[in-house]
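Read-outs throughout are calculated quantities, based only on the coordinates presented, and are distinct from any laboratory measurement. Quick caveat, the model's predicted, so the values are computed rather than measured. Positions of Cβ are generated from backbone atoms using ideal geometry, with glycine treated the same way; all protein chains shown enter the neighbour counts.
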Amino acid sequence: MKSLMLLWQLIAVESAVRCCTSATLDIRTVQRRIKHEGLSFLTITLPAFGKDFERSLELGQVERHLFSSSCSWKKSRGGLPRFLGGFLARVFDASSGKLLDNPDIDAILAVRQLTLMFSKISLPCSDARTEEAMNGYIQCELDIRRCDSSRPSHFDWDFKATSQALFARAFSEVDRKVYHTEVLPKHGPGATADNLSGNRKYQQRTWTARLEEILPAGEFLLPNWSFFDQLEEVDIREPGSEEPVKVLAVPKTLKTPRIIAKEPTCMQYMQQALLFEILESLGRDYFLKDMLGFDDQTPNQRMARKGSRDGTLATLDLSEASDRVSNQLVEMLFLNFPHLHKGVQATRSLRADVPGHGVIPLAKFASMGSALTFPIEAMVFLTIVLGAISKQRNLPVSHELLSELHGQVRIYGDDIIVPVEYVHSVVEDLEAYGLKVNTNKSFWNGKFRESCGREYYDDFDISIVKVRRVFPESPRCVPEVISLVSLRNQLYFAGYWNTVSWLDRLIGKLIHHFPVVESTSSVLGRYSYLRGYETHKMDERLHAPMVKGWRVVPTIPVDRLDGEGALLKFFLKRGGLPSVDEKHLERAGRAQAVNIKLGWASPF
């Protein structure tokens with residue numbers, strides 16, 4: 001706690017110098033509040049202040065209800081909070097609370113950095129907050145069912161027509177491949193509901209009757225049909241006896257956990273098969289490859305910057321996006337492609353085991369944890385967005401309309417970018433289909449925009465550095481040490497050099513060897529504009545510079561695989577190159593622990 005407070009104090013002082021103001025009273029306020037409220041002041045109260053600040057930028061003024069609901073902040077006569085008042089006065093008029101014509105960009109950045117830097121620190125929530133999150137999961141199910149039963153029929157017709165116009169070409173090829181079982185499954189590294197991990201997944205002997213109808217076990221569980229006798233060992237489960245997904249809470253912030261679900265191994269295995277083909281097909285479509293993002297966030301970030309500059313593009317964010325996508329919408333999405341439709345439904349779990357609520361049937365398509373959740377939710381969102389725009393324009397979704405909107409509409413997960421002129425129609429339709437637009441993180445009025453982890457104001461990048469973990473107490477706290485080094489380097493590039501000097505001393509006491517290295521080096525080290533890297537010696541064999549430092553060494557579990565399981569793993573490998581890990585048949589799965597090891601390595 002003391003280190004986090006000192007970090008805040010140092011950044012406050014540096015920010016004040018940049019903005020020609022003083023942070024002395026602000027530092028005293030934070031010290032006093034932390035003493036009485038503890039860590040929650042940094043992780044909950046300050047971020048609420050930061051969100052109210054962003055909402056004020058969006059509204060163009062500080063409204064009376066802001067900076068009061070989350071916490072009692074003393075205000076001046078003009079309505080501005082006295083806390084961080086020196087910075088706020090460079091952004092808003094002190095007497096009226098209205099946004100200045102030319103607000104100080106450094107002050108905007110400073111307020112965001114000082115209030116939001118601890119908003120994403122990974123800490124376990126209280127039992128009460130975790131229980132509340134689980135209740136929220138159940139509430140999403142109730143909301144989906146209510147929306148499914150009350151949605152007007154013409155909305156469904158519009159959705160079907162729009163999805164057919166968008167995805168007919170892309171889905172046709174995938175539909176053919178599913179029919180001929182020309183898909184290649186894959187095991188992911190994550191945990192599963194039936195507790196199989198690593199190489200043990202290649203020895204799975206559980207399948208479902210729903211999968212067997214469209215994606216039979218004999219095609220995907222065996223290296224080839226010469227092993228057909230092993231099908232007698234496969235447990236084909238009927239829908240009522242299928243393993244449910246296991247819902248669990250993982251640390252996200254002190255305010256709320258992240259709710260995910262572990263899928264059964266056979267489901268996850270075949271989801272990956274469909275995922276690969278769907279993404280490949282979408283990537284070949286001229287319009288869809290630019291309107292849907294799955295692995296590159298930079299287009300969204302560029303569009304958000306453009307929206308902040310000229311006000312033409314809005315950035316929208318959805319709350320509980322994955323948990324609010326109705327399976328009815330997904331069925332309509334694939335309705336005209338019977339084999340793909342059947343494959344998607346067969347790889348979808350029907351029930352979820354929710355702590356405190358037991359096993360429940362699912363109305364949502366899937367929770368975060370299914371390999372298909374991310375791409376399918378994005379396709380659902382794009383269908384709704386373009387359907388709303390076409391209705392406002394009174395035009396069908398056609399090649400001409402898509403050409404006109406090219407470069408103006410993009411979906412990446414729950415980050416949505418649309419032209420400002422259509423934003424109200426889009427928001428209205430998203431909510432009509434049961435989704436929830438997060439108004440606190442959606443922007444279209446002012447010059448502030450946010451998308452995919454980057455924030456902009458009037459073409460200036462005002463993205464901040466966030467603390468992801470508490471500070472380590474010893475070198476044995478390896479994830480915290482790694483996070484602290486990353487924080488140091490991010491703050492260095494952000495220009496907080498006095499703060500970085502303090503962190504250098506702090507890190508140096510923890511791990512002693514902390515050299516200057518390039519960002520591509522495997523060594524935990526310092527990045528520097530002034531000096532590319534240090535050289536401690538020359539490697540006699542490679543004739544290359546070497547540096548002594550700490551390298552991250554993950555501990556992969558021992559998990560030996562041989563026989564038909566190893567043969568199956570060989571045939572499931574994608575691409576012509578050999579496996580990256582030569583010991584993949586001896587060790588596999590996610591690292592059980594991460595250590596750091598002192599040794600010699602390249603500084604670049």
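In terms of the Cα gyration tensor, with a ≥ b ≥ c the square roots of its eigenvalues, is the stretch 354-493 rounded because a/c is under 1.5, prolate because a/b exceeds b/c, or oblate? Write down the numbers at each step before the final one.
Working: a/c = 2.73, a/b = 1.46, b/c = 1.88.
Oblate, since a/c reaches 1.5 and b/c is not below a/b.
Our Cα-only numbers for the stretch 2-119 put the radius of gyration and Dmax at 13.2, 39 Å.
Using C-alpha pairs under 8 Å with a sequence gap of at least 6, the mean separation divided by the residue count of the chain gives a relative contact order of 16 percent.
Direction-averaged shadow area of the convex hull around the Cα atoms of the chain, nm²? Display every interim value, and only then the final one.
Details: hull surface 120.9 nm².
So the Cα hull casts an average projection of 30.2 nm².
All C-alpha pair distances within the stretch 327-373, sorted into 5 Å bins from zero, spread as 5, 20, 28, 24, 12, 7, 3, 1 percent across the bins. Relative to one another, the C-alpha centroids of the stretch 533-604 and the stretch 469-513 are positioned 25 Å apart.
Here the residues Val245, Val481, ranked from fewest to most Cβ neighbours within 10 Å of their Cβ, fall in the order Val481, Val245.
Using the rule -39500 (n - 2.57) for each DSSP H run of four or more residues, divided by the residues of the chain, the 222 nm mean residue ellipticity is -13000 deg cm²/dmol.
According to the Kirkwood expression over distinct Cα-Cα pairs, how big is the hydrodynamic radius of the stretch 401-443, in Å? Mind dumping the intermediate values first?
Working: mean 1/r = 0.0884 Å⁻¹.
Roughly 11.3 Å, rounded to one decimal.
Grab the other residues whose beta carbon is less than 12 angstrom from that of Ile507, score K and R as +1, D and E as -1, and report the net. That sum, taken over residues with Cβ under 12 Å, equals +2.
Give a quick list of trypsin sites (Lys or Arg not before Pro) in the stretch 11-67 that DSSP marks as loop, anything other than H, G, I, E or B, with at most 16 other Cβ atoms within 10 Å. Numbers along the way, then the final one.
Details: sites: Arg18, Arg28, Arg32, Arg33, Lys35, Lys51, Arg55, Arg64; in loops: Arg64.
Taking the stretch 11-67 and a limit of 16 other Cβ atoms within 10 Å, the loop trypsin sites (Lys or Arg not before Pro) found are Arg64.
Computed from backbone phi with θ = phi - 60° and the Karplus coefficients 6.51, -1.76 and 1.60, the 3J(HN,Hα) list for the stretch 440-451 is 6, 10, 10, 9, 7, 8, x, 10, 9, 9, 9, 7 Hz; x is used for glycine and proline.
Counting neighbouring beta carbons within 10 Å and listing from fewest to most, the residues Thr24, Thr43, Thr162 come out as Thr24, Thr43, Thr162. DSSP bridge analysis restricted to the stretch 349-421 gives an antiparallel fraction near 90%, rounded to the nearest 5. Entry note: the stretch 206-272 has Rg to Rh equal to 1.15, where both radii use alpha-carbon atoms and Rh is the Kirkwood radius.
Per the Cα gyration tensor, the stretch 157-252 maps to an equivalent ellipsoid with semi-axes of 28, 22, 14 Å, ordered largest to smallest. Distance between the modelled labels on Ser3 and Ser486, one decimal in nanometres: 1.6 nm (7 Å Cα→Cβ projection). Sites listed here are chymotrypsin sites (Phe, Trp or Tyr not before Pro) in the stretch 234-332 whose DSSP assignment is loop and whose Cβ has at most 12 other Cβ atoms within 10 Å: Tyr286. DSSP beta bridges confined to the stretch 127-457 are antiparallel in about 75 percent of cases. In straight-distance terms, cross-link reach from Lys436 covers every one of the lysines whose alpha-carbon lies under 19 Å from its own, apart from those fewer than eight places away in the same chain; here that gives Lys51, Lys364.
Once Rg and the Kirkwood radius are both taken over the C-alpha atoms of the stretch 69-149, their ratio Rg/Rh works out to 1.20.
Quick check on my link table: of Lys201/Lys573; Lys252/Lys583; Lys201/Lys252; Lys75/Lys306, which ones sit more than 25 Å apart, alpha carbon to alpha carbon?
Details: Lys201/Lys573 14 Å; Lys252/Lys583 33 Å; Lys201/Lys252 28 Å; Lys75/Lys306 34 Å.
Correct reply: Lys252/Lys583; Lys201/Lys252; Lys75/Lys306.
Spin-label pair Asn394-Trp497: with each label point 7 Å from Cα along the Cα-Cβ axis, the two points sit 6.2 nm from one another. Simple spin-label estimate for Cys20 and Asn440 gives 3.5 nm between the two label positions (7 Å along the Cα-to-Cβ direction from each Cα).
The calculated FRET efficiency for Val558 paired with Arg476, based on their beta-carbon distance and R0 = 22 Å, is about 0.45.
Arrange the peptides 247-254, 552-559 so that the one whose residues have, on average, the most other Cβ atoms within 10 Å appears first. Before the final figure, lay out the partial values.
Working: 247-254: 17.9, 552-559: 14.4.
So the peptides 247-254, 552-559, ranked by packing, come out 247-254, 552-559.
When you filter the trypsin sites (Lys or Arg not before Pro) in the stretch 442-509 for DSSP loop state and at most 13 other Cβ atoms inside 10 Å of their Cβ, you are left with Arg476. How many percent of all Cα-Cα pairs in the stretch 478-601 sit more than 22 Å apart? Result: 51 percent of Cα pairs exceed 22 Å. For the stretch 96-234, the C-alpha radius of gyration sits at 1.78 times the compact-globule guess of 2.2 N^0.38 Å, with N the residue count.
So what's the net charge close to Gln268: Lys and Arg +1, Asp and Glu -1, counting the other residues with Cβ under 14 Å from its Cβ?
Working: positive: Lys186, Arg200, Lys201, Lys246, Lys262, Arg348, Arg590; negative: Asp194, Glu242, Glu243, Glu263.
Counting the neighbours of Gln268, the net charge comes to +3.
Plainly put, the stretch 127-457 has a radius of gyration that is 0.98 times its Kirkwood radius, both from alpha-carbon atoms, as the Rg/Rh ratio.
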